[in-house]
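Encoded as structure tokens, the structure appears first; notes follow it.
The values are calculated or read from the model by the stated rules, or taken from the named source; none is laboratory data. From a predicted model like this one, the values you see are computed outputs, not experimental measurements. Every residue, glycine among them, receives a Cβ derived from its backbone with ideal geometry; neighbour counts consider all protein chains shown.
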Amino acid sequence: GNELLPSKYIVQTCRSKPNQAAGSVKKQTETSKEYNQQNPYIGTLLCNKRLTAEDWQQDVRHYEISLDSSMEFQPGDSLAVLPCNSTDEVMAFLKRVNIPVDTVITSIALRDPSATDSGPRSISHLTFPMTVVELFEKHIDITGTPRRYFFELLSFFASAEHEQERLLYFSSSEAQDELRVYCDREKKSVREVLEDFPSVLPPLEYILDLVPPIQPRLFSIASSWKLHPNQAQLLVAKLQFTTTLKRKRVGLCTGWMSQLQEKDSLRVWIKEGNSRFRLPEKATTPIIMIGPGTGLAPFRSFIQERTWMMRNGENLGWSSLYTGCRHRLKDWYYGDELNAAVTERSLTKYYIAFSRDEIEINNRKTYVQHLMQESSVEIWEVLRQGGFVFLSGSAQVMPQNVKDAIIEIIQREGNQSQEDAEVFFAAMERSGRFSSETWQ
């Protein structure tokens, strides 16, 4: 229907005296030990170290974040992180929507008290009073890319007729291709869209309908609690890209994390991993780990766990790691540490492909699947003995290339037909002896 419906929330505000507006930082309440999105743990950043060379295009970092002693995790689990918007971004946004920066929100209540309001799009769990700056810094995703409904709702607040027409057009089904070009491809933020429609002035209550809350990002934990208790270590690449129209974009969470200083705080909680992506129950079961790039993260956790087991007198089975980067001198993560694990024998074999260095030597790029082919006898031996294969990393072409390589190895080394090799691999997947964790 073409009428403006009431907003979901009723917001009450007042203006603060300058000294009150310094921000109402909540101290961690010790009452609840169940940390989650509604009640994150306030962790402290212990370390933020760039691992890639300064002159290398990719900014990949090692983070260490303190955790509560009740937050023990298993190798294969992830850490959820709630990022914040930069103060500059928030100030520019508040200026654009004409909300004074000294506004304090005294309450946000559901207009319909009988409605249930939980889940990721809810802000009902927040506690007030809270400054408007804190609300937009910590909770509202103003740098996110708006969806179709946003344009429809905005059209009600446009005083210029041509802007109203354009907004209504963008919210129609026939304009979706154009909207993709205008908005999605350019990853336009809410504020940038508002700058394009200067006559639009949505009130605060409707802004909370228009703009969803900030969502957590999940990162594979790259350390073992047994070896490094009361903290989580992460291996994170800063997301940076240039759009079609040459706008430079940086991911909200990885960009925010990259500029954090030691002793800064982060809102975090543990997210249990896929139940199959776990070290086998028997430490003697052989394992193969395949993790190019930052796909290495969960395997560093696996290897640290096995190092701890070994130091505590457990017998370990065979383990091999296949990983890859581009240049030995630019983006080789944790090389010394992994070589040390081989010396200590908590990792049997460590294979690494330096894809760009190889071009200079052998005139071809080498990736993890090539390394696997070169050690195919070994891989078949592990598969034949009922070993486990784990795969982690970017979900573009790598996972399929690795699966193809495994099926080829079963065929060649196991002397099987293509069909039998595929059946063998499918049985591994079904029984949980092959499991993968990939991301876009």
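Scanning region 83-99 for residues that are within 22 Å of PRO198 (Cα to Cα) and in contact (Cβ under 8 Å) with a residue 60 or more places away in the chain yields GLU89, ALA92, PHE93, ARG96, VAL97, ASN98, ILE99. Considering the conditions (1) part of a loop (DSSP other than H, G, I, E, B); (2) touching a helix residue (DSSP H, G or I) at 6+ places or on another chain (Cβ under 8 Å); (3) of a type outside the set (Lys, Arg), SER275 is excluded by exactly one of them, (2).
Condition check ((1) over 21 Å from ILE221 (Cα atoms); (2) small (Gly, Ala, Ser); (3) modelled with pLDDT of 95 or more; (4) touching an Asp or Glu at 6+ places or on another chain (Cβ under 6 Å)) across all residues:
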position: GLU305; (1), (2), (3), (4): no, no, yes, no
position: ASN312; (1), (2), (3), (4): yes, no, yes, no
position: LYS330; (1), (2), (3), (4): yes, no, no, no
position: ASN363; (1), (2), (3), (4): yes, no, no, no
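Applying the criterion of at least 3 residues that are in contact with a helix residue (DSSP H, G or I) (Cβ under 8 Å, 6 or more places away or on another chain) and crowded, with 20+ Cβ neighbours inside 10 Å to the strands (runs of 3 or more DSSP E) found wholly in region 305-422 leaves 319-325, 388-394. Sub-6 Å Cβ pairs linking a first residue in region 43-72 that is under 30 Å from ARG326 (Cβ atoms) to a second residue that is among the aromatic types (Phe, Trp, Tyr), at least 6 apart or interchain, are ASN48/TYR63; LEU51/TYR333, ordered by first then second residue.
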